[in-house]
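Presented below is the structure to which this report refers.
None of the figures in this text is laboratory data; all of them are computed from the coordinates on show. Not measured: the values here are computed from a predicted model. With ideal geometry, Cβ positions are generated from the backbone for all residues, glycine too; neighbour counts draw on all protein chains shown.
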Amino acid sequence: QIKKLSFTERGKLCTNQMTKKLFGIMEEKKSNLVVSADFTQSQQILELVDKVGPHVCMVKTHIDIVEDFSQDFITKLLQMAQKHKFLLFEDRKYADIGNTVKLQYNNGIYHVSSWADIINAHCISGLGVLAALKQIGLEKNKGCLLVAEMSSTGNMITAEYTAATVKLAEENKDFVIGFICQNRLSDDPTLLHLTPGVQLKKGSDDLGQQYLTPEEVISKRGNDVIIVGRGITQSADVINTAIAYKQSAYNAYCQLLQ
Ligand code: S5P
């Protein structure tokens, strides 16, 4: 049986300010739900986050799928984040050599480092990717999640790769706040386990995505946070569906409390 400390107790143990902040939001809103706002029009994203904002601890974006990107959109997104008290996670999965990811994180038209609280990275290219993101993110008090496992069928991540990623996270807790994963990978209560590939019913899509339920992900597998995209965004009743996911993930976590 997996045992967990409460979000508040875990927050107290954190020296990383971003993790502390996130645990604070999770406790206050009783939410370990992240919504993935995978729409291509900025208005759709803003409407979605205004509805689900009260129920999520974080909103995840793929900023490079937005067709009408503008600085004004970012301003409005940041206003929403403040209004509803959630963090912004840009799911860019940086994976190139250090110098390139540094430019991708800081420059281009998106200037991700100026607005995203949290980003993520694949450490496939070695230590440089993390060193580079840290050079920019650390002084801005940003956080980074490492992709240690994936939800998609046939993904090429091996157990050795996952173990090496966990080691990197544990050694870089000034910047790394946890993992994108399918299973609980570290006993360290200050590292977060965020799991995508979640719907209320187990299943799959037609392009290799695989879904587990919130209960399976949180209480059986011992992860901390669920990331839900289409399960919420394609629902006819976005608000009540978000509430259903929130309650299901939160109740599952509460069952594990020591
Ligand atoms: O292993 C992963 C990692 C991520 S971040 N599998 C994923 O599906 N994701 C992301 O989570 C993916 O890019 C998408 O934005 C979201 C899942 O969306 P859904 O619509 O399938 O819930």
Open item on the list: Let me check against my output: what whole-number percent is the relative contact order of the chain, with C-alpha pairs under 8 Å and at least 6 apart?
Closed with: 21 percent
Task: Residues listed by number, segment 176-195, amide nitrogen under 19 Å from Ala95 label point at 7 Å toward C-beta - done: 179-183, 194-195
Task: Paramagnetic reach from Ala164 (point 7 Å along Cα→Cβ, amide N under 16 Å) across segment 137-153 - done: 146-150
Open item on the list: Nearest 5 percent is fine: what portion of the DSSP beta bridges confined to the chain is antiparallel?
Closed with: 5 percent
Task: Among Lys167, Lys29, Lys60, residue whose mean-square fluctuation peaks in a GNM of the chain (springs only between Cα atoms under 10 Å) - done: Lys167
Task: Most mobile listed residue (Leu33, Leu77, Leu87) in the chain, GNM with C-alpha springs under 10 Å - done: Leu77
- [ ] Using 0.36 nm per residue of separation minus the Cα-Cα distance, give me the extension gain between Gln234 and Lys201 in nm, one decimal.
- [x] 10.5 nm
TODO: Would you work out which of Phe39, Cys14, Asn120 lies farthest towards the positive end of the dipole of segment 1-128, given +1 charges on the beta-carbon of Lys and Arg and -1 on that of Asp and Glu, about the Cα centre?
DONE: Cys14
Task: Taking Lys12, Lys21 and counting other C-beta atoms within 10 Å, the order from fewest to most - done: Lys12, Lys21
Task: Calculated log₁₀ intensity ratio I(q)/I(0) where the Debye formula runs over C-alpha points of segment 83-219, q = 0.11, 0.15, 0.17, 0.18 Å⁻¹ - done: -0.41, -0.76, -0.96, -1.06
TODO: Averaged over every viewing direction, what's the projected area of the C-alpha convex hull for the chain? Give it in nm², one decimal, please.
DONE: 12.6 nm²
Task: Cα-centred dipole magnitude for the chain, charges only on beta-carbon of K, R (+1) and D, E (-1), debye, nearest 20 - done: 700 debye
- [ ] Measure off 7 Å from each Cα along the Cα-to-Cβ vector at Leu5 and Asn251, then give the distance between these two points in nanometres to one decimal.
- [x] 2.7 nm
- [ ] Using a 10 angstrom cutoff on alpha carbons, build the Gaussian network for the chain and name the most mobile of Glu90, Glu28, Glu67.
- [x] Glu67
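Treat the count of other C-beta atoms within 10 Å as a stand-in for reagent exposure and order Ile226, Ile157 from fewest to most.
Details: Ile226 29, Ile157 17.
Least crowded to most crowded, the residues run Ile157, Ile226.
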TODO: Per residue, how big is the convex hull around the C-alpha atoms of segment 9-52? Give it to me in cubic angstrom, could you?
DONE: 83 Å³
